[in-house]
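These notes are about the structure you will find just below.
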Amino acid sequence: MKYTTKYSLTSKTVLKSAGKRLVSEINRAKKEIKKGYETEFASLNLPSDKKLRDNVKRIVKAKKELKPKILFVIGIGGSNLGTIAVHESINGKFYNDSEPETKIYFADTVDSDKISALLAIAEK
(Lines give C-alpha, C1' and ligand atoms only; values in the text may rest on other atoms or scores of the structure.)
Protein backbone atom coordinates (compact mmCIF):
# COMPACT_ATOMS: atom_id res chain seq x y z
CA MET A 1 0.00 0.00 0.00
CA LYS A 2 1.40 3.39 -0.99
CA TYR A 3 1.10 6.24 1.46
CA THR A 4 1.48 9.86 0.48
CA THR A 5 1.29 13.10 2.38
CA LYS A 6 1.17 15.26 -0.74
CA TYR A 7 -2.38 16.44 0.04
CA SER A 8 -2.43 15.77 3.75
CA LEU A 9 -1.16 17.39 6.90
CA THR A 10 -0.74 13.92 8.37
CA SER A 11 2.68 12.29 8.46
CA LYS A 12 3.44 9.06 6.58
CA THR A 13 4.05 7.33 9.91
CA VAL A 14 0.55 8.16 11.13
CA LEU A 15 -0.97 7.14 7.77
CA LYS A 16 0.86 3.80 7.79
CA SER A 17 -0.22 3.09 11.35
CA ALA A 18 -3.86 3.92 10.57
CA GLY A 19 -3.70 1.86 7.37
CA LYS A 20 -2.47 -1.20 9.24
CA ARG A 21 -5.27 -0.88 11.78
CA LEU A 22 -7.85 -0.42 9.03
CA VAL A 23 -6.69 -3.48 7.08
CA SER A 24 -7.03 -5.70 10.13
CA GLU A 25 -10.45 -4.21 10.93
CA ILE A 26 -11.63 -4.69 7.33
CA ASN A 27 -10.52 -8.32 7.44
CA ARG A 28 -12.33 -8.82 10.74
CA ALA A 29 -15.51 -7.29 9.29
CA LYS A 30 -15.31 -9.57 6.24
CA LYS A 31 -15.19 -12.62 8.53
CA GLU A 32 -18.10 -11.34 10.59
CA ILE A 33 -20.23 -10.64 7.51
CA LYS A 34 -20.14 -14.36 6.69
CA LYS A 35 -21.96 -14.99 9.99
CA GLY A 36 -25.07 -13.23 8.68
CA TYR A 37 -27.17 -11.32 11.16
CA GLU A 38 -25.77 -12.97 14.29
CA THR A 39 -22.96 -10.44 14.77
CA GLU A 40 -22.35 -6.82 15.72
CA PHE A 41 -21.50 -6.26 12.02
CA ALA A 42 -24.99 -7.41 10.93
CA SER A 43 -25.88 -4.11 9.26
CA LEU A 44 -23.11 -4.68 6.71
CA ASN A 45 -25.27 -7.45 5.24
CA LEU A 46 -28.20 -5.16 4.45
CA PRO A 47 -27.08 -3.77 1.05
CA SER A 48 -26.63 -7.25 -0.43
CA ASP A 49 -29.65 -8.92 1.19
CA LYS A 50 -31.91 -9.31 -1.85
CA LYS A 51 -34.50 -11.38 0.01
CA LEU A 52 -34.94 -8.70 2.67
CA ARG A 53 -35.00 -5.89 0.09
CA ASP A 54 -37.66 -7.70 -1.98
CA ASN A 55 -39.74 -8.26 1.16
CA VAL A 56 -39.54 -4.57 2.10
CA LYS A 57 -40.58 -3.58 -1.45
CA ARG A 58 -43.55 -5.96 -1.27
CA ILE A 59 -44.67 -4.49 2.07
CA VAL A 60 -44.26 -0.90 0.83
CA LYS A 61 -46.34 -1.70 -2.27
CA ALA A 62 -49.10 -3.24 -0.13
CA LYS A 63 -49.13 -0.21 2.19
CA LYS A 64 -49.24 2.23 -0.75
CA GLU A 65 -52.31 0.41 -2.08
CA LEU A 66 -54.09 1.51 1.10
CA LYS A 67 -53.59 5.14 -0.07
CA PRO A 68 -52.66 6.56 3.34
CA LYS A 69 -53.07 10.30 3.80
CA ILE A 70 -50.58 10.55 6.67
CA LEU A 71 -47.46 8.63 7.67
CA PHE A 72 -46.10 9.05 11.18
CA VAL A 73 -42.47 8.09 11.74
CA ILE A 74 -41.84 7.65 15.44
CA GLY A 75 -38.36 7.42 16.89
CA ILE A 76 -36.14 8.71 19.63
CA GLY A 77 -33.07 10.88 19.44
CA GLY A 78 -30.55 10.07 16.74
CA SER A 79 -32.65 7.46 14.95
CA ASN A 80 -35.42 10.01 14.48
CA LEU A 81 -33.04 12.81 13.51
CA GLY A 82 -31.25 10.58 11.00
CA THR A 83 -34.53 9.62 9.37
CA ILE A 84 -35.56 13.27 9.16
CA ALA A 85 -32.20 14.16 7.59
CA VAL A 86 -32.55 11.48 4.90
CA HIS A 87 -36.16 12.44 4.17
CA GLU A 88 -35.33 16.15 3.91
CA SER A 89 -32.29 15.54 1.72
CA ILE A 90 -34.45 13.58 -0.74
CA ASN A 91 -37.77 15.43 -0.55
CA GLY A 92 -36.88 18.85 0.84
CA LYS A 93 -37.66 20.49 4.15
CA PHE A 94 -41.16 21.60 3.09
CA TYR A 95 -42.32 18.32 1.55
CA ASN A 96 -45.73 18.42 3.24
CA ASP A 97 -46.39 21.91 1.82
CA SER A 98 -46.17 20.50 -1.73
CA GLU A 99 -49.51 18.69 -1.28
CA PRO A 100 -48.15 15.11 -1.51
CA GLU A 101 -50.54 12.16 -1.59
CA THR A 102 -49.15 11.09 1.78
CA LYS A 103 -47.91 13.68 4.25
CA ILE A 104 -45.04 12.57 6.47
CA TYR A 105 -44.64 13.67 10.07
CA PHE A 106 -41.84 12.78 12.47
CA ALA A 107 -42.44 12.35 16.17
CA ASP A 108 -39.77 12.05 18.82
CA THR A 109 -41.08 9.95 21.67
CA VAL A 110 -39.65 12.32 24.28
CA ASP A 111 -41.56 15.34 22.92
CA SER A 112 -45.08 14.99 24.37
CA ASP A 113 -46.19 18.40 23.03
CA LYS A 114 -45.36 17.40 19.47
CA ILE A 115 -47.01 13.99 19.91
CA SER A 116 -50.20 15.76 21.07
CA ALA A 117 -50.10 18.15 18.09
CA LEU A 118 -49.61 15.23 15.68
CA LEU A 119 -52.53 13.34 17.25
CA ALA A 120 -54.71 16.40 16.60
CA ILE A 121 -53.64 16.34 12.93
CA ALA A 122 -54.46 12.64 12.68
CA GLU A 123 -57.91 13.11 14.19
CA LYS A 124 -58.99 15.70 11.58
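The values are calculated or read from the model by the stated rules, or taken from the named source; none is laboratory data. None of these values were measured; they are calculated from a predicted model. Heads up, the Cβs are rebuilt from the backbone with ideal geometry, glycines too, and the neighbour counts pull from every protein chain shown. Ligands, DNA and RNA are stripped out before the accessible areas are found, and what is left, the full protein with its side chains, is counted by its heavy atoms. Shrake-Rupley method; radii C 1.70, N 1.55, O 1.52, S 1.80 Å.
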Here the alpha-carbon Rg of the chain over 2.2 N^0.38 Å rounds to 1.58
A student applying the Cα gyration tensor rule (rounded when a/c is under 1.5; otherwise prolate if a/b is larger than b/c, oblate if not) would label segment 1-74 prolate
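Any chance you could run the full-extension gain for residue 73 through residue 11? It's 0.36 nm times the residue separation minus the Cα-Cα distance, nm to one decimal.
Numbers: separation 62, 0.36 × 62 = 22.32 nm, distance 4.55 nm.
Length difference between fully extended and current span is 17.8 nm.
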Of the residues 37, 8, 98, the Cα lying farthest along the dipole of segment 1-121 towards its positive end, which is defined by charges on the beta carbon of Lys, Arg, Asp and Glu, belongs to 8
For residue 23 and residue 103, extending 7 Å from Cα along the Cα-Cβ vector and measuring point to point gives, in nm, a value of 5.7 nm
Karplus ³J(HN,Hα) for segment 91-101 (6.51 cos²θ - 1.76 cosθ + 1.60, θ = phi - 60°; Hz, whole; x = Gly/Pro) runs 10, x, 5, 10, 3, 5, 6, 8, 6, x, 4
Expressed as a whole-number percentage, the relative contact order of the chain with C-alpha contacts under 8 angstrom and at least six residues apart is 18 percent
With R₀ set to 22 angstrom, the calculated FRET efficiency between the beta-carbons of residue 58 and residue 81, to the nearest 0.05, is 0.20
Computed for the chain: size of charge dipole around the Cα centre, +1 on C-beta of each Lys and Arg, -1 on C-beta of each Asp and Glu, debye to nearest 20, value 1100 debye
Counting only protein heavy atoms with a 1.4 Å probe and every protein chain in place, the carbon and sulfur fraction of the accessible surface of the chain in whole percent equals 60 percent
Taking Cα atoms only, helix 12-33 is inclined relative to the longest principal axis of the chain by an angle, in degrees rounded to 10, of 60 degrees
Output for segment 50-124: GluC sites (Glu not before Pro) sitting in coil per DSSP, at most 16 other Cβ within 10 Å, listed by number, reads 65, 101, 123
Low-density loop chymotrypsin sites (Phe, Trp or Tyr not before Pro), segment 42-111, at most 11 other Cβ within 10 Å, DSSP non-H/G/I/E/B, are 94
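Per residue of the chain, what 222 nm ellipticity follows from adding -39500 (n - 2.57) for every DSSP H run with n ≥ 4, rounded to the nearest 500?
On the way: 4 runs with 62 residues, N = 124.
Here the helix-only value at 222 nm equals -16500 deg cm²/dmol.
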